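First up is the structure itself, then whatever we jot down about it.
Here, each number is a calculation from the coordinates, and none is a lab measurement. All of these numbers come straight from a predicted model, not from anything done at the bench. Every residue, glycine as well, gets a Cβ built from its backbone with ideal geometry; the counts of neighbours run over all protein chains shown.
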Amino acid sequence: MNVKEIISSGILELYCMGLTSETETNEVRQWAAQYPEVAEEIKAIETSLENYAQQNAIIPSAPVKEKILSAINTTAPVVDMSKTGSAATKAVVKQVFPFWKNVAAASIILLLASLFFNYTFYNKSQLLSKELASTQTDLLKQKEITGAMKQDMGVMADRNAQPVSLNAMPDVADAAARIYWMKNSGEVYIDPSNLPAPPKGKQYQFWAIVDGVPESGGMINTDIEVNGKKVHIQKMKSFGRAQAFAVSLEDAGPEKPVPSKVIVMGKI
Amino acid sequence: MPEIIKYTEEELVLLLKKKDQQAFSYLYDNYAGALNGVINRMVNNRELAEDILQEAFVKIWNNFDNYDTGKGRLFTWMMNITRNLTIDTMRSKGYKKQAKIFGDEYSVSNLTGDNKAVERFDAMDIRNQLSNLKPEQKDIIDLAYFNGFTQEEISKQMGIPLGTVKTRMRTAILELRKMLHNK
């Protein structure tokens, strides 16, 4: 076939429409490479068909383009598979790695920050609970002191309380005590804070002189201390009536029936 | 389709070989409508056509290395990919089932020249512009180009000898060229 025959046969049109067999297609390609006029004719036919398709265009809905663009972004590495295996692997790594790398980096930073704060807050909380415990102990001690003082005040401030001063006997260097006798109830309280500390193995006993006869009012406790301070006022046995009160120094042990060495005494 | 030429075909091909996404976006803007028109002619279902269009463009992107400028224009290559994909879809089980449900109106074999489904997509101006094209000339182009018919199928459909398909096609396209180039 000469060039004119080829062009006028209609085979080029079928070729451009993809309707030629494989043999025909190869034939046409050979002619196109051989004769510039054939190549030119093919181009003209293609252009006219392209224009025809453009004239019949139907604009697809907007989301289609978005879907395609996101699809090529996710399938991009697949393209490189056709080239070489290593290139494809590289592409995959390039796409996925930065994201996970950032996630991993962020996780580690968060973990470290969390550990730091855990440590800091744990220490702080330990310190605070220690401080709280010591504060509570202090408060308890203060309450005890306040309670004791309140009791002292209560005794001294009672309008029925009759104070009786016990003064040192002539042969005693320096000692004193004070009695608070509740006239309505007969209760007796003693403030022994001005008695000297008893020698080892000795202790003080309290007496009421009723109708000239000394009666024991109990042992005085000089050992009790609250927060470093002696308990000031303590309750002794009650006496409905008495003419005088006294404190004697006795050997440690049970109450004695009679005083052996009177230290302080006071009349009502 | 607005023809704002940003790239020459050579530039476009070069950029697409380098996997340039902006060039691909341009390619889509300029050719998606034309390809979508062809697919619509073939399947006559807008949703399905868009699915196939999507698949076609992804295939064009992924296989762009296979495009050889020496073997024809870019659009011809894209058109062949699109048409083959559409034919594959139409031959698939799912499509045949659907076509049966919708009746013969949507089947390939009924898309003859005087078929209303074909004309439905013709815009007014194109119809005027192509009005000089004789019905049998338009038919033979549309059957081949838009419906993906083989020479044998065209011969059968139009009731003309196989040998005549070539020359009829030649005459029809010559007429088309005259019209489109003289606009």
Among the listed pairs A:Lys65/B:Lys138; A:Lys4/B:Lys71; A:Lys65/B:Lys134, which are separated by more than 27 Å between their Cα atoms?
-> A:Lys65/B:Lys138; A:Lys65/B:Lys134
Taking the C-alpha atoms of the stretch A:94-146, how large are the radius of gyration and the largest Cα-Cα span, Dmax, in Å?
-> 22.8, 77
Per q in 0.18, 0.20 1/Å, what log10 I(q)/I(0) does a Debye calculation on the alpha-carbon atoms of the stretch B:7-107 return?
-> -0.81, -0.95
When you look at the Cβ of every residue in B:56-66, what mean number of other chain Cβ atoms sits within 10 Å?
-> 4
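Average partner chain C-beta neighbours within 10 Å, per residue of B:75-86?
Values: counts 7, 11, 2, 2, 7, 3, 1, 1, 2, 1, 0, 0.
Per residue, the average neighbour count from other chains is 3.
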Rank the residues A:Val264, A:Val64 as a footprinting-exposure proxy: fewest other Cβ atoms within 10 Å of their Cβ go first.
-> A:Val64, A:Val264
If each of A:Lys261 and A:Asn221 carries a label point 7 Å out from its Cα toward its Cβ, how far apart are those two points in nm?
-> 2.5
Once you have the alpha carbon radius of gyration of the stretch A:125-268, what is it after dividing by 2.2 N^0.38 Å, with N set to its residue count?
-> 1.25
Over all alpha-carbon pairs of chain A, lay out the pair-distance distribution in 10 Å bins, whole %, shortest bin first.
-> 5, 15, 12, 8, 6, 5, 4, 4, 4, 5, 7, 6, 4, 7, 6, 2, 0
Sorted on mean Cβ neighbours within 10 Å (highest first), peptides B:136-144, A:120-128 come out as B:136-144, A:120-128
In peptide A:59-72, how many Cβ atoms from other protein chains are near each Cβ within 10 Å, on average?
-> 6
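Can you tell me how much longer the chain between B:Asp65 and B:Glu152 gets when fully stretched, taken as 0.36 nm per residue apart minus their C-alpha distance, in nm with one decimal?
Answer, rounded to one decimal: 28.1 nm.
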Calculate, for A:Phe121 and A:Glu144, the FRET efficiency according to 1/(1 + (r/R0)^6) with r their C-beta to C-beta distance and R0 25 Å; round to the nearest 0.05.
-> 0.10
Could you calculate the FRET efficiency of A:Val210 with A:Asp251 from 1/(1 + (r/R0)^6), where r is the beta carbon distance between them and R0 is 25 Å, rounded to 0.05?
-> 0.55
